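Rule-based calculations on the coordinates, nothing more; no lab input. Bear in mind the structure is a predicted one, so any value in this text is a computation, not a measurement. Here the Cβ positions follow ideal geometry from the backbone for every residue, glycine too, while neighbour counts run over all protein chains shown.
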Amino acid sequence: MFNEFITQEELSLFTSGGFIATGGMMVSEGMQNLWGTHDIFVREMPACRNYLVFAGLEPVVDYLLNLKFDQAQLEYLKKGYNFSDEVMEYYRNFRFTGDLYAMPEGSLFFPYQPVMRICAPLIEAQIIERYVLNAVMAYSVLTTKMSRFVHSVKPGITTGVNFIRAHGPQASAIALRAAKSVGVDLAAMPIFGLRNNLEVEKGAVTHSFISSFATEEQALRVFSKYCRGRGLWLLDTYDSMKGLAIFIKVAKELKKQKKPFPNMIQFDSGDLVKQSKIARKKLDQAGLKEVKIILISNLDEYKITKMYKQGMIADVVVGGEELTTSPDAPKLGFVSKLSEMIDGSAVIPKMKLSEGKLSYPGKKQVFRQTKDGKYFRDIVGLDEEKISGKKLLMPIIKKGKLVCKLPALQKINQHYQAECKKFSPALFAVNQRVKYSSEISPALKSLAQKTKLAIAKAHYEL
Amino acid sequence: MFDEFVEKEDLPFYTSGACFVLGSIYFQEGMKDLWVTYDVFVRDLPENRNYLVFSGLENIIHYLLDYKLTKDQLSYLKKSYGFPPAVMKYYRQLRFSGNVWAMPEGSLFFANEPVMTISAPIIEAQLIERFIINRVMVYTVLASKISRFVIAAGQVSCGLNYTRAQGIEASNISLRSAKIVGAKMASIPYISQKHKLKPDSGGTTHAYISSFPTEEAALRTYAKYCRGKGLWLLDTYDAKKGLDIFIKVASELKKKKKFYPPYVLFDSGDLVKQSKVARKLLDRTNLKDVKIMLLSNLNEHRVKKMNQQGAAADYYVAGEELTTSPDAPKLSVVYKLSEVIKNGQPIPKMKLSVGKVSLPGKKQVFRQIKNGRYSKDIVGLEAEKIKGQRLLLPMIEKGKLRYNLPTPEEINRRYEKERKKFFSNLFSISHKTSYQVKISPELAKLTQKTKKTIYKVHYDL
């Protein structure tokens, strides 16, 4: 059977065979102490994004701190690549021994800003690249999408996400964490509740439940008996307006008898706005003001924005695969690029010159500048430069050891919320493109010029 | 730390808490032996797809055969929902005891055709819904996307860089999907180890090359260790100059009968132009054996264009354009009740809500052939006698496996064979072609009747 599930221990082989093979060559050539600094960044903003939310640091840190090859993996390396004893000894003792600087999770970022800066022996830096890119991409794509969804919903309205239609259960987990980190209210699934001690999902009724009874009314009466005044009721198993009439009849009767009935009703098909308006009016007229209305469908920030314009009345809005797969920007071209090499005491700036794939050299920092209490510009400069503004890249791991306390999910959400408030609200527009200013410092530009010349000279004797 | 890893034994909890709550209601109302039939299907093909490749069945079958709540899961249920002891006992003993019919993996399918039908006790049938939807969606999305790419690449072999997917599990799924639809190079050490495949010899990296004082020194070292395998990147600094260096070193090593990397790779700039120049220069210098690999953010449209422009490629390697399927990253796979079986009597069921109608009854898909080519599919009732190949086959009966699960290679062979029986215009990547799928008259009749019954029972119309 093809087993697609992966455990933390297996991650060390989530890399390219090429990295393992070239790692072996570098050991044989005595190059294992050559260090390099890599920047992790994206070159372009997706067409329908004004900002990106950085996420995935926690899993990356966890991976780096626990990285090693176990006995079975070592045997595979020996057999698969026929390494010498010296190389095998190197891989047996292999750990992450480098430094990691990163933006705090939940930070907003923009193209050409390193979200992580990893300084490590080159062999390590290569082997970790695939997982780092995978994690940072998946988490940032989904967190950014969830962030847009939450921004499109007005304050006071509860948001929720259904996680089924994601790119596998692990992607569901990533989506769930993404949702929680940007403040989605209803984000739960028993599998993640158990593993991560999160809240219990109370859940709803299903169309199948209703269909399995002789009549809709009978199904509702049975459900009410067990619901203890919670839970929600679906109105559109057969016909939503008739379903509404049945709900009102039964709920009124149960209310009079002081018996529990479901406290929320849900529409998940047809014209949601129109149905929500009618339902609110009829519920209020029937003395059922406390019953809340949930709209659930393939919702996203675009549909929510449109539904507000049409006068939607909802207490809760719930999205699904439009959020968990981020179809308008399902990928991000995160890259890991060498920016300097460290050979003993010599630091050699490096950059990529190939067409359309430029990278900047040197040890960098991102400076976020404030004016009148709002962020107005970022400068990507050199770490040692004196530039005003908040430094975004913080030390996380030094020489393989954790040097900070990683924040819990709630803390990440608080940081994210506080940061969002410092940007101009225009940045969070769903439909308008707004460009936040992010510049390259003059010192970094001149280092890039110098590096380019040095490379051309060294390699092609120009 | 937030633990995102999912293991097989966690999967019974990949469901909605509500399904456990509703399950306890069924149990307490004495409805646990009510059987139901569900269809798994897609209502509409995505705009950019003429067909879909069914995939993910193997995992679903293993999930169903091994379905069992763990001790931790049971105590979580007890604590979270306070179920009575009889309900807890039911959950403790719960196994999948139903029947599964499905299309074999690698089958092409279309809108409104059930790819699976599941008959089971109602509590089981509801608990497994989410995992099945998730599985069918992600496997099918990725297999369908990669299928388009491999077909567009034509004679050129295909490879996949799995790094940029929506999670590592999605990377793994894209690798399996790639194999099913015939991409040749799709491996990762972790999977090779787990599945005892040949190790991925892999390439070199820009960082490796940059770590040497010169490109030439890097190449000479690499050649020393590569044992005649591996590939060489030409565009770390300047692709044209990188090619000159490769040719100089490789011809020299060839003369001395020493090893050099058998592949060169371009991953930036004008790939078509560079590949043509490289082929010419390599051939001219007696390096005909060196193959050219083009790697970039490729997709089916780009390789089709590159083929038209005469790219001299032996390999196309794609990345996130395939592993995230940006032009159709999701699929609205649904799981809909089609009948309830009460005391051995099936009662047809369907959904009537606007835009979300489903069809009642136990169904079968019949694929008809005319002059050696598939001409149309009929979605009918399992009991009907309609000519054509029956696509839904029994996989699990009363919780027991009744089918020999094929390996990915066998799935690929089946897929290739089936594919050739469709008209080739179905595989056009830029033209919309719609393959004919009809509803049988019997099914149409049952639909009308069920609709009427539902209205009568529920609304006295």
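Give the order of A:Phe267, B:Phe5 when sorted by the count of other beta carbons within 10 angstrom, beginning with the fewest.
In increasing order of surrounding Cβ atoms, one gets B:Phe5, A:Phe267.
Output the 0 to 90 degree angle, nearest 10, between the alpha-carbon long axis of helix A:169-181 and the longest principal axis computed from the alpha carbons of chain A.
Approximately 80 degrees, to the nearest 10.
If you add up the charges near A:Leu220, with Lys and Arg at +1 and Asp and Glu at -1, over every other residue whose beta carbon is less than 13 angstrom from its beta carbon, what do you get?
In short, +3.
Between B:Asp44 and A:Met241, take the C-beta separation as r, use R0 = 25 Å, and let me know the FRET efficiency to the nearest 0.05.
Rounded to the nearest 0.05, the efficiency is 0.50.
Under a Cβ-Cβ cut-off of 12 Å, what is the net charge of the residues other than A:Asn196 that fall near it, where Lys and Arg count +1 and Asp and Glu count -1?
Counting the neighbours of A:Asn196, the net charge comes to -2.
Please list, in order along the stretch A:317-331, the HN-Hα scalar couplings obtained from phi with the Karplus expression 6.51 cos²θ - 1.76 cosθ + 1.60 (θ = phi - 60°), rounded to whole Hz, x for Gly and Pro.
Per residue, the Karplus-derived 3J(HN,Hα) values read 10, 10, x, x, 5, 5, 8, 7, 10, 6, x, 7, 7, x, 9 Hz.
Once both axes come from the Cα atoms, what is the angle between helix A:272-285 and the longest principal axis of chain A, in degrees from 0 to 90, rounded to 10?
For helix A:272-285, the angle is close to 40 degrees.
Would you grab the residues whose amide H sits under 5 Å from the one on A:Asn263? Only those 5+ places off in sequence or on another chain, please, with H modelled 1.01 Å from N.
Here the answer is A:Arg230, A:Gly231, since their amide H atoms fall under 5 Å of that of A:Asn263.
About the Cα centre, and with charges only on the beta carbon of Lys, Arg (+1) and Asp, Glu (-1), how big is the dipole of the stretch A:122-260? Nearest 20 debye, please.
720 debye
Give, rounded to the nearest 20 debye, the magnitude of the charge dipole that chain B has about its Cα centre when Lys and Arg contribute +1 at Cβ and Asp and Glu contribute -1 at Cβ.
It comes to approximately 1420 debye.
Under the classification rounded if a/c is under 1.5, otherwise prolate if a/b is larger than b/c and oblate if not, where does the stretch B:130-198 fall, given a ≥ b ≥ c as square roots of the Cα gyration tensor eigenvalues?
It is oblate, given that a/c is not under 1.5 and a/b is not larger than b/c.
Among DSSP beta bridges whose residues both lie in the protein assembly as shown, state the antiparallel percentage, nearest 5.
So the antiparallel bridges amount to about 65 percent of the total.
Hey, what do the phi angles of the stretch A:378-388 turn into as Karplus ³J(HN,Hα) couplings, whole Hz, using 6.51/-1.76/1.60 and θ = phi - 60°, x for Gly and Pro?
10, 10, 8, x, 8, 4, 7, 5, 9, 10, 6
So which trypsin sites (Lys or Arg not before Pro) in the stretch B:77-155 are both in a DSSP loop and have at most 13 other Cβ atoms within 10 Å of their Cβ?
Those satisfying the criteria are B:Arg95.
Is any residue of the stretch A:409-432 close enough, with backbone N under 19 Å, to a label point placed 7 angstrom from the Cα of A:Lys390 along the Cα-Cβ axis, and if so, which?
A:409-428
Averaged over B:260-269, how many beta carbons belonging to a partner chain fall within 10 Å of each residue's beta carbon?
So the per-residue partner count for this stretch is 1.
Ordered by residue, what ³J(HN,Hα) values in Hz, to whole numbers, does the stretch B:175-180 give under the Karplus form 6.51 cos²θ - 1.76 cosθ + 1.60, where θ = phi - 60° and Gly and Pro are x?
5, 5, 4, 4, 5, 4
Taking the 0 to 90 degree range and rounding to the nearest ten, how far is the long axis of helix A:216-227 tilted relative to the main principal axis of chain A, both from C-alpha atoms?
For A:216-227 against chain A, the angle is about 60 degrees.
Which net charge results for the neighbourhood of B:Ile151, defined as the other residues with beta-carbon distances under 10 angstrom from its beta-carbon, given Lys and Arg at +1 and Asp and Glu at -1?
Here the charged neighbours net out to +2.
Note down the magnitude of the dipole of the stretch B:143-323 about its Cα centre, charges +1 on Lys and Arg C-beta and -1 on Asp and Glu C-beta and zero elsewhere, to the nearest 20 debye.
Dipole about the Cα centre, nearest 20: 760 debye.
Run lengths n ≥ 4 of DSSP H only: what is the helix-derived mean residue ellipticity at 222 nm for chain B, with -39500 (n - 2.57) per run over all residues, to the nearest 500?
-12000 deg cm²/dmol
Would you mind telling me the antiparallel percentage of the DSSP bridges in chain A, rounded to 5?
About 65 percent, rounded to the nearest 5.
If neighbour count is taken as other Cβ atoms inside 10 Å, put A:Ile20, A:Ile455 in order from fewest to most.
So the ranking, lowest neighbour count to highest, is A:Ile455, A:Ile20.
Would you mind checking which residues have amide H under 5 Å from A:Ser297's amide H? H placed 1.01 Å from N; only 5 or more apart, or other chain.
A:Val318
Determine the shielding of peptide B:130-141 by partner chains: average, over its residues, the number of Cβ atoms on other chains within 10 angstrom of each Cβ.
4
Of the listed peptides A:408-415, A:310-317, A:326-333, what is their order by residue-averaged count of other C-beta atoms within 10 Å, with the highest listed first?
A:326-333, A:310-317, A:408-415
Please list, in chain and number order, the residues 5+ apart from B:Glu339 or on another chain whose amide H is under 5 Å from its amide H, with Hs placed from the backbone.
B:Thr37, B:Lys349, B:Gly361
Which of A:Lys225/A:Lys289; A:Lys78/B:Lys257; A:Lys68/A:Lys145; A:Lys457/B:Lys288 have a Cα-Cα distance over 29 Å?
Cα-Cα > 29 Å for A:Lys68/A:Lys145; A:Lys457/B:Lys288; rest within.
When you count, for each residue, the other Cβ atoms within 10 Å and take the mean per peptide, how do B:393-406, A:181-194 rank with the highest first?
My ranking of the peptides, most packed first, is A:181-194, B:393-406.
Given the peptides A:53-62, A:24-33, B:333-342, arrange them by the average over their residues of other C-beta atoms within 10 Å, most packed first.
Put in order of decreasing packing, that is A:53-62, B:333-342, A:24-33.
In deg cm²/dmol and to the nearest 500, what is the mean residue ellipticity at 222 nm of chain A if only DSSP H runs of at least 4 residues count, each as -39500 (n - 2.57), divided by the residue total?
Per the formula, -12500 deg cm²/dmol.
Once R0 is set to 41 Å, what does the formula 1/(1 + (r/R0)^6) return for the Cβ-Cβ distance between A:Ser424 and A:Ser446, expressed as a FRET efficiency to the nearest 0.05?
Computed FRET efficiency for A:Ser424 and A:Ser446: 0.85.
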